[in-house]
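Okay, structure first, notes after.
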Amino acid sequence: MPEQHPKAEKGRIRLALETDVEPLVRLINSAFRVELPFIDGDRINAEGVRTYMARGKFLVAEDSTGLAGCVYVELRGDRGYLGLLGVDPPRQGTGMGRKLMDAAEDYFREARCVAVDLRVISPRTPLPTFYRHLGYSETGTAPFAPSMPIKVPCHYILMSKTIW
């Protein structure tokens, strides 16, 4: 059995608050550093987090040292959308991402959503496999957001999962 990060087992998941904006910025930018070869600069800033919070919510995993992970959840009619799944790099590989995905899907089930949609950027080649393992299927592609400062050609891979 792989050794768990010592703080991974003691965390809890809750809805983010306004006071979590700056910690969310640090967490997301740290977790998404892996995208630096194909996206220029930080993934998000405080204004971006607040914009997301105005449309949906962040579920955050925390422990005694602060935020350990997050996922953005948004209700879109009878479907849920999730994004920005991020785990603090030292805690990656501990099951935290799966725990956050379970919490997001539970959130959508409680809201009576029939399915969950997400999108990943094409250069993140391990992600479709991760999501397929969780029951998601690829449903198509979409052009990359023109506002994102990309270094290489990218597109979104769209994925969905029926939950109800």
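What to note about this one:
- Top of Glu138, Glu74, Glu110 by mean-square fluctuation, Gaussian network on the chain, Cα under 10 Å: Glu110
- Translational D in µm²/s for the chain (Stokes-Einstein at 37 °C, 0.692 mPa s, Kirkwood Rh from C-alpha pairs): 202
- Local electrostatic count, Leu85, Cβ distance below 15 Å [Lys/Arg +1, Asp/Glu -1]: +3
- Among Arg124, Arg79, Arg43, the residue with the largest mean-square fluctuation in a Gaussian network model of the chain, with springs joining Cα atoms closer than 10 Å, is Arg124.
- Mean separation of Cα contacts under 8 Å, 6 or more apart, over the residue count of the chain: relative contact order %: 22
- Over all pairs of different C-alpha atoms, the range 9-79 has a mean inverse distance whose reciprocal, the Kirkwood radius, equals 12.9 Å.
- Relative contact order (%) - criterion: Cα under 8 Å, at least six apart; region: the range 23-83: 27
- Measuring only protein heavy atoms, the 1.4 Å probe finds Val49 accessible over about 0 Å².
- With all protein chains modelled, accessible area of Lys161 [1.4 Å, Å²]: 40
- Per-bin percent of Cα-Cα distances, the range 111-164 [5 Å]: 5, 19, 27, 20, 14, 10, 3, 1
- By the rule of a C-alpha distance below 16 Å, with chain neighbours fewer than 8 residues away ignored, the aspartates and glutamates paired with Lys161 are Glu74, Asp78, Asp102, Glu105, Asp106, Glu110, Asp117, Glu138.
- Note: relative contact order over the range 88-164, using C-alpha pairs below 8 Å and six or more positions apart, is 39 percent.
- Probe 1.4 Å, accessible area per residue of the chain, Å²: 54
- Projecting the Cα atoms of Gly77, Val34, Val87 onto the dipole axis of the range 1-101, where Lys and Arg carry +1 and Asp and Glu carry -1 at the beta carbon, places Gly77 farthest toward the positive end.
The values are calculated or read from the model by the stated rules, or taken from the named source; none is laboratory data. This is a predicted model, so every value here is computed, not measured. Cβ coordinates were reconstructed from backbone atoms using ideal geometry, including for glycine residues, and neighbour counts include every protein chain displayed. We work out accessible area using only protein heavy atoms, side chains counted, and drop any ligands, DNA or RNA first. Shrake-Rupley method; radii C 1.70, N 1.55, O 1.52, S 1.80 Å.
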